[in-house]
1. Compute the accessible area per residue over the chain, keeping the other protein chains in place, probe 1.4 Å, unit Å².
2. Take the Cα pairs of region 315-440, get the Kirkwood Rh, then feed it into Stokes-Einstein at 10 °C and 1.306 mPa s and tell me D in µm²/s.
3. Per DSSP helix of 4 or more residues, -39500 (n - 2.57); summed, then divided by the residues of the chain. What does that give at 222 nm, rounded to the nearest 500?
4. Using only the Cα atoms of region 28-71, each taken as one equal point scatterer with no solvent, compute I(q) by the Debye sum, divide by I(0), and report log10 of the ratio at q = 0.19, 0.22 Å⁻¹.
5. Out of the chymotrypsin sites (Phe, Trp or Tyr not before Pro) in region 212-314, which ones are loop residues according to DSSP with at most 13 other C-beta atoms within 10 Å?
6. With all distinct Cα pairs included, what does the Kirkwood hydrodynamic radius of the chain come out to in Å, to one decimal, could you say?
7. What is the extension gain from residue 399 to residue 151, computed as 0.36 nm multiplied by their sequence separation minus the C-alpha to C-alpha distance, in nm to one decimal?
8. List the residues of region 449-470 whose backbone N lies under 15 Å from a point placed 7 Å from the Cα of residue 501 along the Cα-to-Cβ direction.
Amino acid sequence: MISEPGMPVKALGHKVKAAPRPLRSTALRAVVTPVNSFVLALLTIIVTEWLARETLSGVSDYLFSASRPGMVAVLVLFLVFIAADALFGRAYQSALILVPLAILPAFLSMQKQQYLSDPLYPSDMLFGRQIGELVPVMFAARPLAAIGLALGVMAMLALLGYLLVLGRRNFPPLSAVSKLFRLLVALPLIGGFLSLMDPNSFSYIRDRLNIVPMMWDQQENYRHNGFLLAFAFNVPMANVQAPGGYGPEAIADIAPERLPATFFGGRNADVIMVMSESLWDPTRLWNAKLSPDPMPTIRANSSGNLFSPEFGGMTANVEFEALTGFSNAFLPYGSIPYQQYVRRPLPSLATFFASKGYTTRAFHPFQSWFWNRANVYQSLGFQSFMSEENMPIMDKRGLFTSDEALTKEIIRTADQTRKPFFFFAVTLQGHGPYEKNRYAKNTIDVQSASLSPESRDSLATYAQGVREADSSLKALMDWAKTRRRETIIVLFGDHLPPLGNVYTETGYMPDVVATRKASVSVMKREHETPLVVWSSKRGVQKDLGSVSPSQLPHYVVRLAGYRHGFYTGVLGRLSERYAVVDRHQLIERNAQAHPDWATSGEPVDPLIRDYRHLQHDQMFGEGFGTERFFPEQVERLEAPAS
């Protein structure tokens with residue numbers, strides 16, 4: 001034997017103990033193993049991005065641009081690798097499981113985007129039945145590719161099993177010290193990172209890492225943050241479980257409309273619903289005086305208030321409730337139905353009125369991809385969608401299309417529509433930020449000793465927008481009064497505006513954002529927006545109170561002279577007892593509140609139970625109640641997919 005330099009040669013006849021591993025070799029291995037794991041994490045991110053984007057173009061920018069979080073994703077995956085290796089006890093062992101788990105969803109996203117326009121969401125797993133129904137179609141269209149895919153999956157599973165056994169035998173084991181060190185370093189960092197991944201809250205650290213949860217635009221969300229980070233943002237929204245007791249018997253036990261729907265034929269009244277961006281009554285502010293009144297028309301024709309489930313944004317969630325009659329209260333906190341759950345034809349006011357022979361059309365003077373509206377409106381049964389791409393060029397006020405221009409376009413389209421129509425419009429002018437000098441001249445004077453000059457300017461800009469929204473409503477009502485056919489107009493604000501320090505400086509709210517859990521009086525102060533329900537023949541529908549957006553379909557269908565199993569039946573009975581169905585507050589007509597009703601563990605009112613069962617039945621379930629409660633959906637669901 002040859003010894004290390006300077007060491008005596010052992011006698012050949014003596015039994016020799018195993019020599020300890022050289023210190024240099026141990027140190028080298030301690031460095032090389034993590035480096036290899038980092039390179040493996042980098043390669044995994046490159047492959048997932050390549051598959052999800054269907055091209056390598058943009059991958060290098062994602063990884064190496066200072067404004068993108070690509071290397072953050074690599075580092076997080078690296079930490080997961082070394083922590084999982086510590087649990088397995090061998091280096092690289094976890095990669096055999098984690099790499100396929102990362103790559104497979106990216107591959108499925110690539111396949112999905114060949115048939116649909118959006119990437120893969122965790123919530124797509126909720127629609128396994130529909131995916132299963134698509135498999136025969138895909139097999140018929142590309143049988144050889146389908147067979148090859150099936151064989152490839154089987155081969156990959158066999159290979160994975162073989163590699164797991166082989167790796168267990170050959171991958172280098174980790175010492176107890178190495179395993180402990182890996183866990184002590186990786187787990188706290190992973191835990192800290194996970195705490196940043198709530199898309200509904202601001203995080204300074206996440207912002208510095210250039211991770212931006214763009215839940216309103218999932219295409220950009222996946223492009224900017226990368227597939228794995230964007231997919232992670234959407235994971236919490238996939239946890240939608242069937243409510244207890246849901247099934248055909250539960251749906252069959254729900255009482256129908258008191259009067260048969262066929263007994264009421266309606267009056268063929270035209271219906272125009274306008275969701276006005278950030279419309280709110282700024283005269284409600286404390287320690288601030290506005291003159292003249294910025295909303296005289298809205299005030300004179302007030303039907304009550306809308307209790308918005310949102311504040312300062314998330315417009316699509318309010319829109320979802322107003323069009324479907326369904327409630328966000330039954331969905332995971334932070335979810336956006338327009339992005340995660342509208343994957344099949346859903347009942348809405350558009351499908352109802354279309355079944356009565358109406359022309360149904362949506363209007364929004366912005367791009368159709370925003371909030372996924374182009375796809376959602378089709379699923380909700382609108383026959384057409386007028387967006388920035390196909391509208392005539394319209395005047396702007398500041399950066400956004402003016403309410404006046406949108407109103408003129410609605411009137412122009414209505415005058416060219418011979419059949420009764422249902423129009424739904426989302427305005428844009430009221431969108432923040434409310435910078436000084438947005439308008440050449442502000443006609444609303446703001447007096448307040450509490451406001452800083454910057455906040456006073458912001459409030460003045462906002463109030464001017466409210467005045468112009470009010471003038472647009474007056475123009476729409478004046479036009480409707482001249483028409484022979486009855487015209488129903490519904491106007492409401494989607495949420496309070498993001499006025500920032502205006503709220504705290506006036507003392508109106510303790511923070512710049514609304515409270516999620518509070519007393520009824522506080523919740524109403526921070527969530528109520530104006531509501532007008534008006535008919536050119538019957539005038540204002542007064543004293544509706546403070547109602548959830550999900551109640552609006554009930555009032556619209558009833559005012560139009562129709563009856564419907566869900567809108568006037570289930571929602572009608574619900575509205576007699578409850579005004580607000582919010583995830584944090586259930587408010588009765590007598591103002592009795594039930595805070596945290598959904599999580600308190602107390603028995604749920606059968607009215608709420610039936611409501612939730614029907615919503616789940618239509619959005620995620622088997623459609624047991626479609627024929628009884630949404631007969632207009634039957635033909636839509638039976639029609640072949642286009």
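The values are calculated or read from the model by the stated rules, or taken from the named source; none is laboratory data. Since we're looking at a predicted model, the values are computed, not measured. Neighbour counts are summed over all protein chains in view; Cβ atoms, including those assigned to glycine, are modelled from backbone coordinates with ideal geometry. Quick note on the areas: whole protein, heavy atoms, side chains included, nothing else; ligands and nucleic acids left out. Shrake-Rupley method; radii C 1.70, N 1.55, O 1.52, S 1.80 Å.
1. Each residue of the chain exposes 47 Å² on average to a 1.4 Å probe.
2. It diffuses with D of about 101 µm²/s by this estimate.
3. That calculation yields -14000 deg cm²/dmol at 222 nm.
4. -0.62, -0.73
5. Values: sites: 216, 222, 227, 231, 233, 246, 263, 264, 280, 286, 307, 311; in loops: 216, 246, 264, 280, 286, 311.
Loop-located and lightly packed - 286.
6. Numbers: mean 1/r = 0.0358 Å⁻¹.
After inverting the pairwise mean of 1/r, the radius is 28.0 Å.
7. Result: 83.9 nm gained on full extension.
8. 449-460
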